[in-house]
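Shown next, in C-alpha cells, is the structure this report addresses.
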C-alpha cells in the first residue's frame, strides 16, 4: 500500500485494528457481496488488459451493474478507459482514477461528469487494489465520522486517498485498502441504520445483518461498531 502525503494527527472518533478485523470478517458473511467480488476477480484474470476494448467492456458493464454505479453511457466509458490507459504514464497514480472519472457527454452541451465512485472501483478491482481505495458515499461518511468535517474534500480522488492514509497512520492500523474498505463501507451503513433503523437507505443484505444478526455476527458487530438496536427493540 502506498501513502499519499498522510500526516498522523488525532482522530475525532478512535478506531482500532480489532474493529477493522471484525468488519472484515462481517463482510465475508455477506454471500452476495462475496459472490460479486469473486466475479470481478475472475473478470480481472480473464481480461487483464485495460488498453483493449474487448477486455475493458465486460469489466465495465459488470462493475456498473453489480455495484449500481449509475453510468448510463457505459460503452462510452469503456472506450474512455481504454484511451486513458493508453495515454496515462503512471497506472499507480491517483491521477489515473481522476482521469477515468472525467467522462464528457457526447451531447451538444459536452458536459463533463465526475464519475469518481465508478473510477475508484474500476481501478481497485482491475488495476491495483493495493493502490486504489474504493470511494463511495458510505466510506466518505465513515471517514468524516473518524476524521471530522472538512477532512474529506469532494471532487478529488487524491484528497480522498490522503484522508484514507491519514486514518490508517493515525489509528496505527495494519491493514490493506481492501480490508479498510470493508470497514468503511459497513461503518457508513451502520451510521445510517443507527439513525433511521429499518427505514435506512442501505444495502438489503447489510440491513438483514444489522437488524437480525446471528450470534456469531452479533459478536462481530459489537466489536466493530458497538451495540445496535435490533428488530423489535
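Tabulated results
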quantity	calculated
When the chain is reduced to its Cα atoms, the Kirkwood hydrodynamic radius in Å	18.5
Relative contact order %, the range 24-123, counting alpha carbon pairs below 8 Å whose residues are six or more apart	19
Stokes-Einstein translational diffusion, the range 34-126 - Kirkwood Rh over all Cα pairs, 1.567 mPa s, 4 °C, in µm²/s	98
Percentage relative contact order, the chain, counting C-alpha pairs under 8 Å, at least six apart	28
Order by protection proxy (mean Cβ within 10 Å, highest first), peptides 183-192, 142-151	183-192, 142-151
The range 84-127: C-alpha gyration tensor shape, a/c 1.5 cut-off, then a/b vs b/c	prolate
Packing-based exposure ordering (other Cβ within 10 Å, fewest first) of 132, 225	225, 132
Residue order, fewest to most beta carbons within 10 Å, for 52, 20	52, 20
Computed FRET value (nearest 0.05) for residue 137 with residue 51, which takes r as the C-beta separation and R₀ as 35 Å	0.70
Ranked list, fewest to most other Cβ atoms within 10 Å of each Cβ, for 123, 115, 51	51, 115, 123
Centroid-to-centroid separation of the range 18-40 and the range 91-127 [C-alpha atoms, Å]	26
Residue-averaged [θ]222 nm for the chain, counting only DSSP H segments that reach four residues, each worth -39500 (n - 2.57)	-19000 deg cm²/dmol
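Every number in this text was worked out from the coordinates using simple rules, so none of it is lab data. This is a predicted model, so every value here is computed, not measured. Glycine also receives a Cβ, built like all others from the backbone with ideal geometry; neighbour counts cover every protein chain displayed.
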